[in-house]
1. Tell me, which residue of segment 7-25 that is part of a loop (DSSP other than H, G, I, E, B) and out of contact with any helix residue (DSSP H, G or I) (no Cβ under 9 Å at 6 or more places or on another chain) is most open to solvent (accessible area, probe 1.4 Å)?
2. From Ala134, Ala110, grab the single residue that is over 21 Å from Met1 (Cβ atoms), buried (at least 24 other Cβ atoms within 10 Å of the Cβ) and touching a strand residue (DSSP E or B) at 6+ places or on another chain (Cβ under 6 Å).
3. How many residues are surrounded by fewer than 23 Cβ atoms within 10 Å (Cβ to Cβ) and in contact (Cβ under 8 Å) with a residue 40 or more places away in the chain if we restrict to segment 31-47?
4. If we scan segment 45-55, do we find a residue that is in a loop (DSSP other than H, G, I, E, B) and under 30 Å from Asp125 (Cβ atoms)?
5. Just give me the residues in segment 69-95 being farther than 20 Å from Glu28 by Cβ and not in a loop (DSSP other than H, G, I, E, B), in sequence order.
6. Within 18 Å of Thr317 (Cα to Cα) and charged (D, E, K, R): is that true of Glu156 in this structure?
7. In segment 54-96, which residues are under 22 Å from Val311 (Cβ atoms) and either surrounded by fewer than 19 Cβ atoms within 10 Å (Cβ to Cβ) or of a type in the set (Gly, Ala, Ser) (or both)?
8. If you go through segment 174-187 one residue at a time, do you hit one that is at pLDDT below 95 and either in contact with a His (Cβ under 6 Å, 6 or more places away or on another chain) or under 22 Å from Gly239 (Cα atoms) (or both)?
Amino acid sequence: MKAVCLHEQGGIESLVLEENFPDPQAGEGQVVIRVKATSLNYHDVFTCRGMPGIKIPMPMIIGLDISGEIAEVGAGVDGWKAGDRVLVNPLDPTDPTKGLMGEMLPGGTAEFCAVDATRLIAIPDGCSYEQAAALPVAYGTAHRMMFSNGGIKGGERVLILGASGGVGSCCVLLSKMMGCEVVACGSTPDKLEALKSWGADHVINYKEEDFTKWVWNEFGKPHRRKYEGGVDVVINFTGGETWVPSFKVTKRGGKILTCGATAGFDPKTDLRYVWTFELKILGSNSWQPEDLETLMKLIAEGKLTPVIDTVLPLEQTAEGVRQLEDREVIGKIIITP
């Protein structure tokens, strides 16, 4: 089969298209998927470049988010048959220590992929392979952060940093679906236009304008004695220099939600804001199968349309990873074998 493999870590150029990579075999409790779509994530950049403390077996086929059609069913598998349309959960819900697809186990940038049946989720009618593949890492993470852990409610005012990427775009879409007033931050005119098209009520170019001052001017400065001013929720998975400013725009009793730190994991923290304004800082890690099931149901019902930037053939996987690393992407990049 054809597969895009990583034989050694380094630059994006380390990704190599293999024309005759060995076909996977279905072991006990496994199926073989005929891959229809795989979405790329910034995690794939980390896999290529290397991550401290994580030793990746080589060669590795990247691609965490995989959708496809069952081509072969192995021994001991019940409830699935050839031809079933499935989304692959990158994490095994029965044993998360087995590791991520595309990092510790061969992923989706290939024509076929062997998968433990415990990772399979049926794709409903009305949800395409490309839409399903866009979900797990980005949309699943956003859904869990916003609802399972964050408890976002309709009518709340929500500020979203890094809003034009995979996780951020989902946060915009789900916030609007809930009836929230959305303030979305982006870094280029194209990204701001995209945010508006997704329904954002207000957009801020954070490279040209201080989002803290913008919020104060628009909604008033948060009051330490009254529940007035600022926003109800800040979604901040960038960290770095945006961390303390996020405290300054959150109203008393408000929430700051985080699921990552793409701009720096050890920012300075001013604890005075935390106790003075009774802020709730809530962390969220990954997703659960029910998050993915809910998201596919919303797609099938026409309530959610994942933002897909571009669809590339398998041969252009390295180019897709480069676009992610250079932050040229608005939404998700999909690879189709």
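1. Looking at the filtered set, the residue picked out is Asn20.
2. Only one candidate passes the filter, namely Ala134.
3. 6
4. Going residue by residue through segment 45-55, those that are in a loop (DSSP other than H, G, I, E, B) are 50, 52-53, 55.
With the extra rule that they be under 30 Å from Asp125 (Cβ atoms), the set shrinks to none.
Checked segment 45-55: no residue is in a loop (DSSP other than H, G, I, E, B) and under 30 Å from Asp125 (Cβ atoms).
5. Correct list: Glu69, Arg85, Leu87.
6. Answer is no for this residue.
7. Gly63, Ser67, Gly68, Glu69, Ala71, Arg85
8. yes
The values are calculated or read from the model by the stated rules, or taken from the named source; none is laboratory data. Predicted model only: the values in this text are computed from it and were never measured. FYI the Cβ positions are ideal-geometry reconstructions off the backbone, even for glycines, and counts take in every protein chain you see. We work out accessible area using only protein heavy atoms, side chains counted, and drop any ligands, DNA or RNA first. Shrake-Rupley method; radii C 1.70, N 1.55, O 1.52, S 1.80 Å.
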